[in-house]
Amino acid sequence: MSEVSLEASLSTGPGMVDACRRHTLFEWSAQGHVDPIPVARAKGVHFWTPESKRYIDFNSQLMCVNIGHGHERVIRAVQEQAARLAYANPFMATEARARLGVKLAEICPGDIDSFFFTNGGSEANENAVRIARLFTGRYKVLARYRSYHGGTAGSLTLTGDPRRWPAEPGIPGVVHIPHPYHGIDRGSDSTERALADVEEIVQLEGPHTIAALILEPVTGTNGVLPPPPGYLEGIRDLCTRHGIMMIADEVMSGFGRTGAWFAVDHWGVVPDILTMAKGLTSAYVPLGAVGIRRGIAEHFQANVLYGGLTYNSHPLGCAAALATISVYEDEGLIDRAREMGTLMRSLLEDLQSRHPSVGATRSIGLFGIVELVRNRATLEPLAPFNGSSPEMQALGRFFREQGLYTMVRWNTFFTNPPLCITEAEMREAFDIIGRGLTITDHAVVG
């Protein structure tokens, strides 16, 4: 193929897919089975293929493009920063870094007012653990089952779902603890019992050996699971009593996704360490951060923070974050997520009332999920744990054919649109979902 014809081919959907499959690796996939959607452009809640097929981005890509695609304010901020100062190493101070630190101190809960910047969420959680270990002088970390904390070595060890298995044994010192949710057939543990289980494990492991307890305040890819009443407050109290650092992984739940700046704000809990990424820049530029309370920050005035990244505090990322936060504020997107979340909640409930394959729905703000079952009486999942089924695969194909993009995983699919979504766009997405559920309804028995 000539250079000209190759160049032309790479701008088409088939050519783009073929080249990506041949010369790049796709994550969490056997490469022979991947079938990526070619993407040429995006705006608001939509993206388009090179051949102009339109998709509703009902998952905000990976729950990260919170403000929507193609916002001119963020694009302009990145362009202007690149023209002025594209990079400075992390031992230097820049205006974008300074302004972002001040702004995050303003919106983060309590006295979290000092930040270590990373390339993304996985690195944020890695460094949160490192900071907790350095601060406490302890080494163990408690992490919950049914959690996901990232794909790097340490964060994957923290993770409590099957993505961890191939990477084991992983880093030392991680102890997994129960999650208070046991599935739609058994519901949630009582808060008292769930906290008692954690307290027992703390005692058995030795409180003096435990540096941190990390959790997603609202569990993300493992079910969109808000905590039972009093649970986060109880974890906060337990950590305080034993000198354990409470790490809140807000990589997915932060920046308006739940209808508050951070999910912990719903329960008035201030963690010792808060990690963030995704919605921090709405994924326009990679950036993560570890936020720490003032007392922890003071410790590192005289003690070395053993950690560093070439792209720590990258000026383009900091500029994108500042512009993104201004969009949240000026366009009222945090309140909008809460208001549109009420509409989404009603549409989810309507699905459950009309479709026998819908076993459960959950949402908080614009963070939602649908669990599908084969039997309404037994609540048998429509796909096995860590697996799929012909019906779930057919549902995923239908969504794709109809121009709806969302994550279909195991017996669930997600409803996580950008916070800028309109009522008309929301209803259009749910119309596609409702038609698709006729596929799974046919699989229901009993």
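Considering only segment 167-200, how many residues are part of a helix (DSSP H, G or I) and either under 28 Å from ALA360 (Cβ atoms) or in the same structural domain as ARG376 (by TED's automatic domain parsing) (or both)?
Within segment 167-200, the first condition is being part of a helix (DSSP H, G or I), and the residues that meet it are 167, 191-200.
Still in the list and also either under 28 Å from ALA360 (Cβ atoms) or in the same structural domain as ARG376 (by TED's automatic domain parsing) (or both): 191-198.
Selection size over segment 167-200: 8.
When the residues of segment 31-41 are filtered to those that are free of Cβ contacts under 8 Å to residues at least 60 places away in the same chain and in contact with a Lys or Arg (Cβ under 8 Å, 6 or more places away or on another chain), which remaining residue is surrounded by the fewest Cβ atoms within 10 Å (Cβ to Cβ)? Step through it out loud before you land on a result.
Here is the first cut: in segment 31-41, the ones free of Cβ contacts under 8 Å to residues at least 60 places away in the same chain are 31-36, 38-41.
Imposing the further condition that a residue be in contact with a Lys or Arg (Cβ under 8 Å, 6 or more places away or on another chain) reduces the set to 31, 34, 36.
Details: GLN31: 10, VAL34: 14, PRO36: 13.
Of everything passing the filter in segment 31-41, GLN31 is surrounded by the fewest Cβ atoms within 10 Å (Cβ to Cβ).
Take the residues of segment 121-161 that are β-branched (Val, Ile, Thr) and in a helix (DSSP H, G or I): which is surrounded by the fewest Cβ atoms within 10 Å (Cβ to Cβ)?
Restricting attention to segment 121-161, the residues satisfying the condition of being β-branched (Val, Ile, Thr) are 129, 131, 136, 141, 152, 157, 159.
Add one more test, that the residue is in a helix (DSSP H, G or I), and what stays is 129, 131, 136, 157.
Numbers: VAL129: 28, ILE131: 26, THR136: 20, THR157: 24.
Ranking the qualifying residues of segment 121-161, first place goes to THR136.
With respect to GLU123, determine if the residue is farther than 24 Å from ASN222 by Cα and of a type in the set (Asp, Glu). Please lay out each step first, then the result.
Numbers: farther than 24 Å from ASN222 by Cα: no; of a type in the set (Asp, Glu): yes.
The answer is no for GLU123.
Name, by its number, the condition in (1) under 30 Å from HIS69 (Cα atoms); (2) buried (at least 18 other Cβ atoms within 10 Å of the Cβ); (3) not assigned by TED's automatic domain parsing to the domain that holds MET426 that does not hold for GLY341.
Exception for GLY341: condition (3).
For every residue, the table says whether it meets (1) under 24 Å from TYR145 (Cα atoms); (2) modelled with pLDDT of 95 or more; (3) in contact with an Asp or Glu (Cβ under 6 Å, 6 or more places away or on another chain).
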{"position": "GLY341", "(1), (2), (3)": "no, yes, no"}
{"position": "SER346", "(1), (2), (3)": "no, yes, no"}
{"position": "GLY359", "(1), (2), (3)": "yes, yes, yes"}
{"position": "ARG362", "(1), (2), (3)": "yes, yes, no"}
{"position": "GLY368", "(1), (2), (3)": "yes, yes, no"}
{"position": "ALA383", "(1), (2), (3)": "yes, yes, no"}
{"position": "PRO390", "(1), (2), (3)": "no, yes, no"}
{"position": "PHE399", "(1), (2), (3)": "no, yes, no"}
{"position": "MET407", "(1), (2), (3)": "yes, yes, no"}
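Residues to consider are GLY403, GLY387; find the one that is surrounded by fewer than 19 Cβ atoms within 10 Å (Cβ to Cβ) and either under 18 Å from PHE58 (Cα atoms) or outside the structural domain of ARG435 (by TED's automatic domain parsing) (or both). Before you say what the answer is, go through the steps one by one.
On the way: GLY387 fails: either under 18 Å from PHE58 (Cα atoms) or outside the structural domain of ARG435 (by TED's automatic domain parsing) (or both).
The conditions single out GLY403.
Go through (1) farther than 23 Å from GLU126 by Cα; (2) surrounded by 17 or more Cβ atoms within 10 Å (Cβ to Cβ); (3) touching an Asp or Glu at 6+ places or on another chain (Cβ under 8 Å) for HIS182 and report which single condition fails.
(2)
Mind listing just one residue for me: the one in segment 43-100 that is among the acidic types (Asp, Glu) and touching a helix residue (DSSP H, G or I) at 6+ places or on another chain (Cβ under 8 Å) and, of those, farthest from PHE262 (Cα to Cα)? Step through it out loud before you land on a result.
Step one: filter segment 43-100 for residues among the acidic types (Asp, Glu), giving 51, 57, 72, 80, 95.
Adding the requirement that they be touching a helix residue (DSSP H, G or I) at 6+ places or on another chain (Cβ under 8 Å) leaves 51, 80.
Working: GLU51: 38, GLU80: 29 Å.
Selected residue: GLU51.
Pick out the one residue from VAL290, VAL264, VAL270 that is within 30 Å of GLY70 (Cβ to Cβ) and over 12 Å from the mean Cα position of the chain (by Cα). Please lay out each step first, then the result.
Numbers: VAL264 fails: within 30 Å of GLY70 (Cβ to Cβ); VAL270 fails: within 30 Å of GLY70 (Cβ to Cβ).
From the options VAL290, VAL264, VAL270, the qualifying one is VAL290.
Out of the helices (runs of 4 or more DSSP H) lying entirely within segment 42-120, which hold 1 or more residues that are without any contact (Cβ under 8 Å) to a residue 40 or more places away in the chain and more than 17 Å from PRO315 (Cα to Cα)? Don't jump to the end; show me each part of the working.
Working: elements: 60-63, 72-84, 95-107.
The helices (runs of 4 or more DSSP H) meeting that bar are 72-84, 95-107.
Return yes when VAL264 is touching a residue at least 12 places away in the same chain (Cβ under 8 Å) and either in the same structural domain as ASN416 (by TED's automatic domain parsing) or in contact with a Leu (Cβ under 8 Å, 6 or more places away or on another chain) (or both) and no when it is not.
Numbers: touching a residue at least 12 places away in the same chain (Cβ under 8 Å): yes; either in the same structural domain as ASN416 (by TED's automatic domain parsing) or in contact with a Leu (Cβ under 8 Å, 6 or more places away or on another chain) (or both): yes.
It is true that VAL264 is touching a residue at least 12 places away in the same chain (Cβ under 8 Å) and either in the same structural domain as ASN416 (by TED's automatic domain parsing) or in contact with a Leu (Cβ under 8 Å, 6 or more places away or on another chain) (or both).
Take the conditions assigned by TED's automatic domain parsing to the domain that holds LEU305, among the basic types (Lys, Arg) and exposed (fewer than 15 other Cβ atoms within 10 Å of the Cβ) and apply them to ARG164. Does it pass?
So ARG164 fails the test.
If PRO228 satisfies every condition in (1) assigned to a loop (DSSP other than H, G, I, E, B); (2) touching a strand residue (DSSP E or B) at 6+ places or on another chain (Cβ under 6 Å); (3) surrounded by 20 or more Cβ atoms within 10 Å (Cβ to Cβ); (4) of a type outside the set (Ser, Thr, Tyr) but one, which is the exception?
(3)
Conditions tested, residue by residue: (1) on the phi > 0 side of the Ramachandran plot; (2) in contact with a Ser or Thr (Cβ under 8 Å, 6 or more places away or on another chain); (3) touching a residue at least 24 places away in the same chain (Cβ under 8 Å); (4) crowded, with 16+ Cβ neighbours inside 10 Å.
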position: GLY332; (1), (2), (3), (4): yes, no, no, no
position: SER346; (1), (2), (3), (4): no, no, no, no
position: ARG354; (1), (2), (3), (4): no, no, yes, no
position: SER357; (1), (2), (3), (4): no, yes, yes, yes
position: THR361; (1), (2), (3), (4): no, no, no, yes
position: LEU372; (1), (2), (3), (4): no, yes, yes, yes
position: THR378; (1), (2), (3), (4): no, no, yes, no
position: MET392; (1), (2), (3), (4): no, yes, yes, yes
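Restricting the search to segment 50-75, which residues are crowded, with 18+ Cβ neighbours inside 10 Å and of a type in the set (Val, Ile, Thr)?
ILE56, VAL65, ILE67, VAL74 - these are the residues of segment 50-75 that are crowded, with 18+ Cβ neighbours inside 10 Å and of a type in the set (Val, Ile, Thr).
Name, by its number, the condition in (1) part of a loop (DSSP other than H, G, I, E, B); (2) free of Cβ contacts under 8 Å to residues at least 40 places away in the same chain; (3) more than 19 Å from SER282 (Cβ to Cβ) that does not hold for TRP28.
(2)
For segment 45-89, what are the residues that are of a type outside the set (A, V, I, L, M, F, W, C) and more than 26 Å from the chain's Cα centre (by Cα)? Working first, answer last.
Taking segment 45-89 as the starting set, the residues that turn out to be of a type outside the set (A, V, I, L, M, F, W, C) are 46, 49-55, 57, 59-61, 66, 68-73, 76, 79-81, 84, 87, 89.
Across segment 45-89, the qualifying residues are PRO50, GLU51, SER52, LYS53, GLN79, GLU80, GLN81, ARG84, TYR87, ASN89.
The values are calculated or read from the model by the stated rules, or taken from the named source; none is laboratory data. What you are looking at is a predicted structure, and each value in this text was computed from that prediction instead of being measured. Cβ: placed from backbone, ideal geometry, glycine included. Neighbour counts: every protein chain shown.
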